[in-house]
Amino acid sequence: MMAEIGMYGYLPRASDPTIFGYYNMPTCKILNNIETMLGVFVGGPTNQCMSVLAAGQADKFGNVNSTKIPGVAYLVGSGGSNDIATNSRETILVVSAGKSRLVEKVPYITFPGKNVRTMVTDVGVFEKLGGKDTFTLTTYIPSKANQRAEDAIAEIKEKVSWKLDVAPNLKQAVPPTRDEITMLRLFDPKRVFIGS
């Protein structure tokens, strides 16, 4: 695991779920600088990185806007996300669903979607299949118990601003195991990130 501020080969510590948590620093194999992390480890000629990034908005191509909605709001900005997404071998995007979040075309590109192959949302998983440059819904997350796939797809269509492509072998997400939930709660005991 790496973090752009210079942390390389660290093990996340329980009780602090933030990626830049100081509690993680003693576990690092290397502590260096941003230029080395992004220029050598992430963007170097032997790049084997898979990155995980969040987004304010994403479009059907995986282009991300986390910078600004022109005339409306300034978001958090790029940070190192453009360097990471552009230079990683593959990027997994994490974003909440909704028509204002999953837009037809982002109004500003913080980083391009060329290397974004998978997008994980609170309603399902979208992937670029068979060389396509747009997303297909491959896994859905039911919003209620015993929900039919057709009903879940109808709900998801209401949270996506583009014409939804659905994989012919659509899967239902498997609920997390008790051990996985316990592990998440160890890392976030105050439930700041995972909620109640």
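Rule-based calculations on the coordinates, nothing more; no lab input. Predicted model only: the values in this text are computed from it and were never measured. FYI the Cβ positions are ideal-geometry reconstructions off the backbone, even for glycines, and counts take in every protein chain you see.
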*Given a Förster radius of 22 Å and the C-beta distance between Met50 and Ile19 as r, what FRET efficiency does 1/(1 + (r/R0)^6) yield to the nearest 0.05?*
0.90
*Hull surface divided by four, with the convex hull built on the Cα atoms of the range 47-183: how many nm²?*
9.6
*Got a sec to turn the phi values of the range 150-158 into Karplus ³J(HN,Hα) couplings, 6.51 cos²θ - 1.76 cosθ + 1.60 with θ = phi - 60°, whole Hz, x for Gly and Pro?*
4, 5, 5, 4, 4, 5, 5, 4, 6
*Can you list the trypsin sites (Lys or Arg not before Pro) in the range 81-155 that are in a DSSP coil and have 15 or fewer other beta carbons within 10 angstrom?*
Arg89, Lys99, Lys105, Lys114, Lys132, Lys144, Arg148
*Which of the lysines could a cross-linker bridge to Lys99, judged by Cα under 19 Å and excluding same-chain residues fewer than eight apart?*
Lys60, Lys68, Lys157, Lys159, Lys163
*Starting from the amide H of Val116, placed 1.01 Å from N in the peptide plane, find each other amide H under 5 Å away whose residue is 5 or more places distant or on another chain.*
Thr91
*Share of pairwise Cα separations in the range 1-48, more than 13 Å, in percent*: 52
*GNM result for the chain, Cα springs below 10 Å: residue of Met119, Met183, Met25 fluctuating most strongly*: Met183
*asked:* I need the GluC sites (Glu not before Pro) found in the range 103-196, filtered to DSSP loop residues with at most 15 other beta carbons within 10 Å of theirs.
replied: Glu104, Glu158
*For the range 162-177, 3J(HN,Hα) per residue [Karplus equation, 6.51 cos²θ - 1.76 cosθ + 1.60, θ = phi - 60°, Hz, x = Gly/Pro]*: 10, 5, 7, 8, 10, 5, x, 9, 3, 10, 8, 5, 8, x, x, 6
*Taking the Cβ-Cβ separation of Phe193 and Thr27 as r and a Förster radius of 30 Å, what is the calculated FRET efficiency to the nearest 0.05?*
0.90
*asked:* Using a Förster radius of 41 Å, what is the FRET efficiency between Ala167 and Val76 based on their Cβ-Cβ separation? Nearest 0.05, please.
replied: 0.80
*Point-charge dipole on Cβ atoms (K/R +1, D/E -1) for the chain, about Cα centre, debye to 20*: 220
*Which ³J(HN,Hα) values, rounded to whole Hz and listed in residue order, are derived for the range 38-46 from phi using the Karplus coefficients 6.51, -1.76 and 1.60 in 6.51 cos²θ - 1.76 cosθ + 1.60 with θ = phi - 60°, glycine and proline given as x?*
7, x, 9, 6, 7, x, x, x, 9
*Cα pair distances exceeding 12 angstrom across the range 148-196, given as percent*: 73
_Anchor Lys105: aspartates and glutamates whose Cα lies under 13 Å away (excluding residues fewer than 8 positions away in-chain)_ = Asp59
_GNM flexibility winner over the chain from Pro26, Pro142, Pro176 (Cα, springs under 10 Å)_ = Pro176
*Of the options Ala3, Phe111, Gly131, report the single residue whose Cα projects farthest towards the positive end of the charge dipole of the chain (beta-carbon charges: Lys, Arg +1; Asp, Glu -1).*
Gly131
_Pairwise centroid distance, computed over Cα atoms, of the range 61-94 with the range 120-164, Å_ = 21
*Relative to the first principal axis of the alpha-carbon coordinates of the chain, what is the inclination of helix 178-187, with its axis defined by its Cα atoms, in degrees from 0 to 90 and to the nearest 10?*
50
